[in-house]
Amino acid sequence: MERKPNITLSSLDLDRIESLLEKNNSQFPGRDALEAELDRADVLDPAEIPANVVTMNSTVRFTILEIAKTNTLTLVYPKDMDGSTDKVSIFAPVGIALLGLSVGDEFKMPSPTGQVTVRVDAIEFQPESAGELHR
């Protein structure tokens, strides 16, 4: 079994995601995976989050290595999904996979054509490093 990269979450993000899960009692694809990620995360105060970590509302540039395709997405809460193609929900598989990763981390995830390897290339915006600790 492949070892997953360590993940780091802010205590604020953890509280908000857990609250969403409590309110949303329905099952959705990936709920178990999201809960497992929350359980294994190192949790820090928002002011202590390193600038190279993907947090909620971060804009992340990543590459699908098998096809050398680079994407940039902002990780958002479901209420902030507005149909734009540059956002991904924390309830989506890609969102679950990106949360808490650091620049340089790689992970495998399912795709329509099998499994792909994704690498986090850069954090283009992170609320915590911009001083937005209570957004």
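The values are calculated or read from the model by the stated rules, or taken from the named source; none is laboratory data. Being a predicted model, the structure only gives us computed values, none of them experimental. Cβ placement follows ideal geometry from the backbone for every residue including glycine, while neighbour counts extend to all protein chains displayed. Ligands, DNA and RNA are excluded from the accessible area calculation, which covers all protein heavy atoms including side chains. Shrake-Rupley method; radii C 1.70, N 1.55, O 1.52, S 1.80 Å.
Out of the DSSP beta bridges found with both residues in the stretch 1-111, what percent are antiparallel (nearest 5)?
Antiparallel bridges: around 55 percent, rounded to the nearest 5.
Could you check the spin-label model distance between LYS79 and ASP121? Points 7 Å from the Cα along Cα→Cβ, value in nm.
With each label placed 7 Å out from Cα toward Cβ, I get 3.3 nm.
At a 10 angstrom cut-off on C-beta neighbours, averaged per residue, how do the peptides 71-80, 52-61, 31-40, 86-95 rank from highest to lowest?
Descending mean neighbour count gives 52-61, 86-95, 71-80, 31-40.
Share of the chain's accessible area from carbon and sulfur, percent, 1.4 Å?
Summing carbon and sulfur atoms, their accessible area is 52 percent of the total for the chain.
Mind ranking 107-118, 12-23 by how tightly packed they are, going by the mean number of other C-beta atoms within 10 angstrom, highest first?
12-23, 107-118
Might you report the magnitude of the Cβ-based charge dipole of the chain about its Cα centre, with Lys and Arg at +1 and Asp and Glu at -1, to the nearest 20 debye?
My answer is approximately 400 debye.
Among [x] 0.99; [y] 1.54; [z] 1.03, which one is Cα Rg over 2.2 N^0.38 Å computed from these coordinates?
Correct label, based on the coordinates given: [x].
How much mean residue ellipticity at 222 nm does the chain get from its helices, if each DSSP H run of length 4 or more adds -39500 (n - 2.57) and you divide by all residues, to the nearest 500 deg cm²/dmol?
Taking each H run of at least 4 residues, the total per residue is -6000 deg cm²/dmol.
In Å², and per residue, what accessible area does the chain have when probed at 1.4 Å with the other protein chains present?
Value returned for the chain: 54 Å² of accessible area per residue.
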